[in-house]
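What follows is a short report on a single structure.
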Amino acid sequence: MSVEERELLRSQIVELQRISSLGVLAGSIVHELNNALTPILNYAKLGLRTNDPDYRTKSFEKILDGAQRATSIAGGVLGLIRPRADRREPADLGRLVEDIVMITVKDLQKHRVQLDLKINSRPLAVVNPAQIQQVLLNLVINARQAMPDGGRITVVVGADAEGKWGEIRISDTGMGISPSHLRRIFEPFFTTKSPDSTGLGGTGLGLPVCRDIVEAHRGRMRVESKPGQGATFTLRLPVHVEAIAAETPPAKAS
């Protein structure tokens, strides 16, 4: 197989993995959009029926809030569905995480999983936003699937002590990973899962694709886990050089 054929196959696998992850959330995303659109419709009807200017102003404010939420949800989904090739740009890692939380929250609630988000800082990294969000989406879904009876996911965004690496940690309170499996989870086609009710899981391609995406961004991805104590996946991405320079105080003249 030629280099071109391998790269084409790799891109197709990445595409299929992204579509599979979005398929898991399709029903929950539609439900969230409906929740955002319902107050728009209701307050539009109420606003038309009243002559009270204050109430009409309140109706317009509620309509605006609902429209902005619907736009954010749709924008997050469209960004994942239609990534702009391999175009990279400085991106706020905190914002990328927030967008993923927005489109997964209803799915997590349905499976009795609570998500805690802690943004300690907002490092900038030069990334393909859709690809990094694809990694985050896969890790959140994996964490949820590791807790079939419910649990807690904690997502922490920040930077290392020197400010040279942006870090995203995703931890769950699930069943954990045995040492023998931990050594192999990034191997293509290795899996300990059977497909769940949504059809996702069991292919053994999710984590290898995630690691390949992160490493293509000159980043690193690691996992820590013990049986019965959950798992923590950590993404490290180099901070945007200009962002480091902007935060570094100029040297004092001697």
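Sorted ascending by nearby beta carbons within 10 Å, beginning with the fewest, Asp212, Asp107 become Asp212, Asp107.
A cut-off of 5 Å between modelled amide H atoms, ignoring neighbours fewer than 5 places along the same chain, links Val127 with Glu89, Ala91.
The modelled label-to-label distance for the pair Ala161/Ser121, using points 7 Å beyond Cα in the direction of Cβ, is 1.3 nm.
Calculated FRET efficiency, Lys58 and Arg152, Cβ-Cβ r, R0 51 Å, to nearest 0.05?
FRET efficiency, Lys58 to Arg152: 0.90.
Label positions at Glu187 and Ala44, each projected 7 Å from the Cα along the C-beta direction, are separated by 5.6 nm. Amide H contacts of Ile119 (H built 1.01 Å from N, in plane; Pro and chain starts excluded): Val157 sit under 5 Å, all sequence-distant by 5 or more or on other chains.
Cross-link list Lys118/Lys226; Lys58/Lys110; Lys45/Lys118: which exceed 27 angstrom alpha carbon to alpha carbon? Mind showing how you got there, number by number?
Values: Lys118/Lys226 23 Å; Lys58/Lys110 31 Å; Lys45/Lys118 38 Å.
Those over the limit are Lys58/Lys110; Lys45/Lys118.
Any read-out appearing in this document is the output of simple, stated calculations on the displayed coordinates, not a laboratory observation. Note that the coordinates shown come from a computational prediction; the quantities given were computed from them, not determined experimentally. Methodologically, a virtual Cβ is constructed for each residue, glycine included, from the backbone with ideal geometry; neighbour enumeration extends over all protein chains shown.
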